[in-house]
Every structure is written in C-alpha cells, then in structure tokens.
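The values are calculated or read from the model by the stated rules, or taken from the named source; none is laboratory data. Keep in mind that this is a model prediction, so the values were computed, not measured. Neighbour counts are summed over all protein chains in view; Cβ atoms, including those assigned to glycine, are modelled from backbone coordinates with ideal geometry. The area values use the complete protein model at the heavy-atom level, side chains included, leaving out ligands, DNA and RNA. Shrake-Rupley method; radii C 1.70, N 1.55, O 1.52, S 1.80 Å.
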Amino acid sequence: MKAAPVLLSLLTISFLFNSCKKDEAQPMQIANVLTGGDFETSPYSTWRTDVLKNNTTRPTSYTVDYSTEASSSPTHSIKVSCNLAPNDSTYQLFQQDLFTSTTPIPTGAKLTLKVKIKTVNIQGNGISIAIGGNLGVNDNYAPAFYTSTEGKTSITGTNDFKEYTITFDSFPAKTYSYYALIFFLPKTTGTAYYDDVSLSVN
C-alpha cells in the first residue's frame with residue numbers, strides 16, 4: 001500500500017512544477033485601433049476625405065456629408081454621393097492613417113477591417129474597402145502591404161446596411177504607417193453610407 005503516497009508525491013511535484021511555469025505570452029488582441037469609426041463625434045476629424053486623379057476637362061464631383069439620414073448605429077453615418085462620373089480614373093476616398101510609433105502593431109499580427117455600408121442605386125464599379133501600409137523614410141515610404149475588396153466583392157445596387165470584411169494575415173516588419181480606407185471607385189454613381197468602421201488586431 002506504499003503506492004498511494006508515491007503517487008501523491010508525484011502529483012504534488014507535478015502541480016508545483018506547473019504552477020511555477022511562466023504564463024506563455026498571448027498574442028496581442030485589439031478590438032479596434034481606429035478612432036471615430038462610429039461617426040458619432042463631431043463630425044469625423046480623425047478621417048480624411050479626398051478626390052484623386054481628378055480630370056479638369058471631364059470632372060467627376062462628389063458630395064460628402066455627415067448624415068443622420070441612415071445609420072447602422074446609433075444616429076450618424078458618412079454619406080458619399082456622385083451623380084455623374086464621366087472620368088474613368090477619378091475616385092473618392094475616405095481614409096484614416098495611423099503610425100506604428102503611436103499605435104503599434106506586432107510583426108506578423110493579423111488585421112481585420114470591417115465596414116457597414118448601405119448603398120442606394122450604386123452603379124458602375126461600386127464601392128471598395130482596403131487596408132495597407134508603408135515603410136519608413138529609409139525605404140522612401142515604399143508600400144509595405146495592401147489588400148482590397150476591389151474585383152473580389154461587389155458593393156453595388158441598393159441594399160440596407162451590410163458588413164463587409166477584409167483581412168491581411170501578417171503585418172510586415174518595419175511598417176512605418178498603415179491605413180484603412182473606403183473607395184468610391186471610378187465610373188461609379190449613386191449614394192453610399194458608411195458606418196461602424198473597425199480595424200482589429202489579433
């Protein structure tokens with residue numbers, strides 16, 4: 001009957017050994033690195049809106065409004081409209097830029113961008129969401145990574161708010177800055193509402 005004390009001693013040693021082990025490092029998880037993605041603050045100061053590659057002989061004009069006409073939560077969204085898009089290179093973007101010096105992301109982390117979009121008679125190339133980043137000054141701010149829904153997910157027509165998602169599996173080393181953006185693509189007309197934009201890290 002000496003087996004029981006020996007077994008008890010082994011269990012005690014095992015317990016003490018395991019209790020002394022350091023906790024293994026858990027991967028960093030951040031629910032959202034973006035600010036103001038619910039568009040409930042006045043009005044969207046952490047975001048920038050711009051029109052690029054505009055053609056002066058065949059201009060495309062956009063209106064961007066801080067809107068209460070439609071929202072997924074609670075009362076505001078960003079409304080972008082275009083009535084006429086004669087130029088095939090002009091596009092409108094809505095973007096937030098971040099820097100790894102102030103909002104760090106571990107190398108190899110997975111990024112997930114989520115955006116809720118409502119479309120009203122969106123015709124043409126449609127809407128696209130994207131995430132990307134750039135290297136630092138020593139690398140001439142060259143692109144570090146980029147991925148988008150363009151050519152993969154159609155965001156057109158008339159639809160109530162729907163969540164669209166895109167991921168990038170491994171955040172590159174030496175990334176200096178990164179961004180989340182929504183494109184009103186070239187040759188696109190109609191109205192889109194953007195709400196509840198988040199960029200999670202895991």
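Listed values for region 188-202 are Karplus-derived 3J(HN,Hα) couplings in whole Hz (6.51 cos²θ - 1.76 cosθ + 1.60, θ = phi - 60°), namely 10, 10, x, 10, 10, 10, 10, 7, 6, 8, 9, 10, 9, 10, 7, and x replaces Gly and Pro. Sequence-ordered 3J(HN,Hα) estimates for region 161-176 from the Karplus curve with 6.51, -1.76 and 1.60 and θ = phi - 60° stand at 3, 9, 8, 10, 10, 9, 10, 10, 7, 8, 5, x, 5, 6, 5, 8 Hz, glycine and proline given as x. The antiparallel fraction among DSSP beta bridges confined to the chain stands at about 100%. Net charge of the neighbourhood of Ser128, taken over other residues with C-beta under 10 Å away and scored Lys/Arg +1, Asp/Glu -1, is 0. Summarising the amide proton neighbourhood of Tyr176: residues at separation of 5 or more, or on other chains, whose placed amide H is nearer than 5 Å comprise Asn134, Leu135, Gly136.
Computed with a 1.4 Å probe over protein heavy atoms only, the accessible area of Asp88 comes to about 110 Å². Along region 97-104 the Karplus relation, 6.51 cos²θ - 1.76 cosθ + 1.60 evaluated at θ = phi - 60°, assigns HN-Hα couplings of 9, 9, 10, 5, 5, 10, 10, x Hz to successive residues, with x for each Gly and Pro. Counted by Cβ distance under 10 Å from Ser200, the other residues give a net charge of +2, where Lys and Arg count +1 and Asp and Glu count -1. Entry for the chain at q = 0.18 Å⁻¹: log10 I(q)/I(0) = -1.25, Debye formula applied to identical alpha-carbon scatterers, no solvent contribution.
Scanning residues 5 or more positions from Leu34 or on other chains, those with amide H under 5 Å from its amide H are Leu199, with H placed 1.01 Å from N in the peptide plane. Think of a 1.4 Å ball rolled over the protein heavy atoms: region 117-202 then has 43 Å² of accessible area per residue.
What's the angle, to the nearest 10 degrees (0 to 90), between helix 3-20's Cα axis and the longest principal axis of the chain? That works out to roughly 40 degrees. Of the solvent-accessible surface of region 47-202, computed with a 1.4 Å probe over protein heavy atoms with every protein chain present, carbon and sulfur atoms account for 47 percent. Rounded to the nearest 10 square angstrom, Leu185 shows an accessible area of 10 square angstrom against a 1.4 Å probe.
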